[in-house]
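*Asks:* Questions regarding the structure given below will be posed in turn.
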Amino acid sequence: MATPRKIIIIGSGPAGYTAAIYAARANLAPLMINGLQTGGQLMLTTHVENYPGFVDGVLGPELMETMRKQAERFGTDMLGEDVTGVDFTRRPFVVRTDDTRFEAQTVVIATGASATMLGLPSETLLIGHGVSTCATCDGFFFKDRDVMVVGGGDSALEEALYLARLGRRVMVVHRRETLRASKIMQDRAFAHPKIAFLWNKEIVDILDPAAGKVTAVVLRDVVTGERTEHPVDGVFVAIGHQPNTAIFAGQVELLPSGYIRVEPGTTRTSVPGVFAAGDVQDSVFRQAVTAAGTGCMAALEAERWLEAQRLG
Ligand code: NAP
């Protein structure tokens, strides 16, 4: 039987890579199980201009590739497989992929969250080219342009209010005629002169993949069935996020929203020795830099935990 790993990191976004860099430099010889979608959500973006250290910005996939190389440089072992199951009820912990069973003294969960998408083929083709799931990340590219936000929850209104500060006109498209968002957000959005609402509408197509950019959307009125085309420069999809926690249900405590519960100000989960970093435990900030920050915290906390257990 192989010796248990000191640390296994599950997931390979900014949180996972940062945890790997810190753990590798602390001589913990980390194993990172990347998942099949290596690199996380930044692989779906083009320019990243708010990650510190890049004066002219950096492409999302390039940033992730750089982080991967940095983690490897200090001796992180990478495995390009999905984790299919874990057992945190016994020590060492067990982490399984389709092919292999690993044991680890500590685990960092950094599996992220996935933005819920509309599911249109044109949306997939135009993501990063006018279709976005993050106004804080991409809003700047739409300064003084017309944009559309899809959704009727707090996220949609938060995105709309942020974009209205930069954009000429923000249209919020919602599939019903009442919002799910909190009253205070509704009041702010209704009062904003740059925000307009398109009620009872769903986006059925986004134009124009052939041009490689967003030029218009086709809306369908869910009451009348009528289809109309609206010129627009960008589409922000804000219909919710799903934390990637299915395989951890019953193993660590989850919040009702599905995110992993951590002790405030730490990355400690309900299981001593298991830490969670990045969007999988953060439904609020969801930024690459905050994910990287908590990845660093998780590695340092894992290192200290190993020392306290005399396993380090
Ligand atoms: P949410 O509350 O679940 O709202 C999702 C919205 O997207 C709903 O209006 C829903 O429509 C719509 N939607 C879902 N699937 C759709 C589809 N396929 N096509 C079109 N529309 C679709 O999600 P959220 O806004 O991301 O918020 C998640 C949680 O975080 C909430 O508890 C929220 O209060 C909280 N949050 C708080 C703040 C804040 O306080 N500043 C900011 C962001 C988020 P229906 O209404 O018809 O279901």
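*Asks:* Lone cysteines in the chain, going by a 4.7 Å Cβ-Cβ cut-off?
*Replies:* Isolated Cys, the chain: 296.
*Asks:* Per residue of the stretch 168-181, in order, report the coupling 6.51 cos²θ - 1.76 cosθ + 1.60 (Karplus, θ = phi - 60°) as ³J(HN,Hα) in whole Hz, putting x for Gly and Pro.
*Replies:* The phi angles translate into 7, 8, 10, 10, 9, 9, 10, 7, 10, 10, 10, 8, 8, 5 Hz.
*Asks:* Treat the count of other C-beta atoms within 10 Å as a stand-in for reagent exposure and order 22, 259, 162 from fewest to most.
*Replies:* By the 10 Å Cβ count, ascending, the order reads 162, 259, 22.
*Asks:* Sorting 108, 214 on the 10 Å Cβ count, fewest up front, what's the list?
*Replies:* The most exposed by this proxy come first: 214, 108.
*Asks:* Calculated FRET efficiency, residue 25 and residue 289, Cβ-Cβ r, R0 22 Å, to nearest 0.05?
*Replies:* E between residue 25 and residue 289, to the nearest 0.05, is 0.70.
*Asks:* How high is the FRET efficiency from residue 36 to residue 59, r the C-beta distance, R0 30 Å, rounded to 0.05?
*Replies:* Working from the Cβ atoms, E equals 0.90.
*Asks:* For the pair residue 304/residue 96, report the inter-label distance in nm, with labels modelled 7 Å from Cα in the Cβ direction.
*Replies:* 3.4
*Asks:* Continuing with this model, one more query. Do any GluC sites (Glu not before Pro) in the stretch 212-279 lie in a loop, going by DSSP, with at most 13 other beta-carbon atoms within 10 Å of their beta carbon, and if so which?
*Replies:* 226, 253
*Asks:* Using a 10 Å cut-off around each Cβ, can you sort 296, 137 from fewest to most neighbouring Cβ atoms?
*Replies:* 296, 137
*Asks:* Additional query: Each residue of the stretch 149-160 in turn: what ³J(HN,Hα) in whole Hz from Karplus with 6.51, -1.76, 1.60 and θ = phi - 60°, glycine and Pro shown as x?
*Replies:* Along the stretch 149-160, the couplings run 10, 9, x, x, x, 4, 4, 4, 6, 4, 4, 5 Hz.
*Asks:* Let me know the number of lysine pairs in the chain closer than 28 Å at the Cα, not counting same-chain pairs under 8 apart.
*Replies:* Close lysine pairs under the 28 Å cut-off: 9.
*Asks:* Note the full-extension length gain between residue 46 and residue 242 as 0.36 nm times their separation in residues minus their Cα-Cα distance, in nm to one decimal.
*Replies:* So the chain would gain 68.4 nm between residue 46 and residue 242.
*Asks:* Given the Cα-Cα distance of residue 154 and residue 210 and 0.36 nm per residue of separation, how much length would full extension add, in nm?
*Replies:* Difference between extended and current length: 16.9 nm.
*Asks:* Rank-order 261-268, 233-240, 52-59 by packing density, defined as the average count of other C-beta atoms within 10 Å over each peptide's residues, highest first.
*Replies:* 233-240, 261-268, 52-59
*Asks:* Ok, one more. As an exercise, use a Förster radius of 51 Å and the Cβ-Cβ distance of residue 200 and residue 3 to find the FRET efficiency, rounded to the nearest 0.05.
*Replies:* For residue 200 and residue 3, the calculated efficiency is 0.25.
We did not get these values from a lab; they are worked out from the coordinates using the rules stated. Owing to the predicted nature of the structure, the values given are computational and were not obtained by experimental measurement. For neighbour counting, all protein chains shown are included, and Cβ atoms are generated from backbone atoms with ideal geometry for every residue, glycine included.
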